[in-house]
Amino acid sequence: MTYARQRLWLGITGVGTTVILCAATILFDLPHRFIHPLADTSFTTALAFVAFAWMIHAAVLFPIDVLGGAVVVRERTSVLAWLASWMRGVTVQWFWFALAAALLLRTAQQFGMLYATLVFMLLQAVLVSRQSAIAWLVGGLSPIDSSPDLQAAASAAGIAVHTVREVRVSDPSFVGAWTGTDAKHLWVPQRWVTSLSPEQLVVALARRTGVRALGLRRRGLLVAIAWNTLGFVLATAAPRADLVTAAGFVTTIAWFTLWSFVGVLILPSLSRPAVYAADRWARSSHDAEVVTATITQLDRWQDDEAERSPRVETIFHPVPSRQSRIRRLEGTIQPTDPVVVSPGAWHATRMMLYLSWAGVGLLARAVHCNVGRPAVWVMLPGD
């Protein structure tokens, strides 16, 4: 079995386990069966029971985390080193979950659901605006001053040199990101600077220029926020769900996680066209061979899967296969290739997963691209 298929099956297992756990929680009304009503007499006790729920999920997911972070990886590391990074990432995520749960629970209890929804939206805004800091805390990323090579490539790609940060990270699937609500800063993996040719590095950064200039990043962010907000409202209104009791809050988490699962199935269809659009942007000003070589090399650091069946790509992959992307650049589209009818929403799927932290979403680190890999829990892999 190829590396890509091993990762895919890990993701299917992680997502499937999470979905089954949430479905069982709702179907058998487990929170109301096992959480005593006296838990709600104290805010602290209620919050502790809510925290216990996401700890149970982490314990269930742990064996898959081990496989995804220490076994099925591009570059092996010691189990102890991986465990230390996993503990760091989980600890930071749990601190955030505790903060989000406490704010939502207290707000709903004192001011009602409308204000709790506003808090949820505010939490998403904080996650966006502080993405770089949270990525550093969770993944142990090390931003450093841009090297002369990166500065030269950024200038050639039309990006202000002072807005680019070089990031030292061991995970080869890390692709960086535009950070902040207004995408004023770009994180670039050091591996790109040291391992890509100067021409390929310029192409990689030119794609980032296109993502911002075409509004693809903004659209992806808005889609992710809108999807999560709608799901949060629906989850809190679902049967036996609320934000004022411990049992109701755990039920809300389960409904909200199931909504994230629906997003994992639907939103890739909006994400893939944005990848094609960024490729076309880079091709408009660079040689086709260099663009193709860049796409190929970046893909090899991730799934390294040249072709996929249409069904697998439609369901599981917000980033098209590299051959599908290359064919579009060459104008030799095959009947099995998906039809692109819009510029798309860049990274909508994976930003949705990260921003689901605002509602204590349990699916955010269970998908195939990041399960067991704290370095890409906040800035998920992509094109």
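Among residues of segment 1-17 that are of a type in the set (A, V, I, L, M, F, W, C), those with a beta-carbon under 9 Å from a residue that is crowded, with 18+ Cβ neighbours inside 10 Å and part of a helix (DSSP H, G or I) at least six positions away or on a different chain give the pairs Leu8/Phe316; Leu10/Ile64; Leu10/Leu67; Leu10/Gly68; Ile12/Phe316; Val15/Phe261; Val15/Val264. Hey, any hits in segment 281-291 for a residue that's touching a residue at least 24 places away in the same chain (Cβ under 8 Å) and crowded, with 23+ Cβ neighbours inside 10 Å? Within segment 281-291, one or more residues are touching a residue at least 24 places away in the same chain (Cβ under 8 Å) and crowded, with 23+ Cβ neighbours inside 10 Å. Screening Thr117 on (1) β-branched (Val, Ile, Thr); (2) farther than 30 Å from Leu222 by Cβ; (3) over 19 Å from the mean Cα position of the chain (by Cα) shows it passes everything except condition (2). Screening segment 263-377 for helices (runs of 4 or more DSSP H) wholly inside it with 3 or more residues that are in contact with a helix residue (DSSP H, G or I) (Cβ under 8 Å, 6 or more places away or on another chain) and among the polar types (S, T, N, Q) returns the ranges 288-300.
Going through Thr91, Thr77 one at a time, which residue ends up being polar (S, T, N, Q), out of contact with any helix residue (DSSP H, G or I) (no Cβ under 6 Å at 6 or more places or on another chain) and without any contact (Cβ under 8 Å) to a residue 12 or more places away in the chain? Unique residue meeting the criteria: Thr91.
For the residues Thr229, Thr257, Thr179, the requirement of being surrounded by 19 or more Cβ atoms within 10 Å (Cβ to Cβ), polar (S, T, N, Q) and more than 26 Å from Ala4 (Cβ to Cβ) singles out Thr179.
Per-residue answers, yes or no, for (1) in contact with a Gly (Cβ under 7 Å, 6 or more places away or on another chain); (2) free of Cβ contacts under 8 Å to residues at least 60 places away in the same chain; (3) over 22 Å from Val193 (Cα atoms); (4) hydroxyl-bearing (Ser, Thr, Tyr):
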| position | (1), (2), (3), (4) |
| --- | --- |
| Val275 | no, no, no, no |
| Ala278 | yes, no, no, no |
| Gln302 | no, no, no, no |
| Glu307 | no, yes, yes, no |
| Thr314 | no, yes, yes, yes |
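Here, each number is a calculation from the coordinates, and none is a lab measurement. Quick caveat: nothing in here was measured; it's all calculated off a predicted structure. Every residue, glycine as well, gets a Cβ built from its backbone with ideal geometry; the counts of neighbours run over all protein chains shown.
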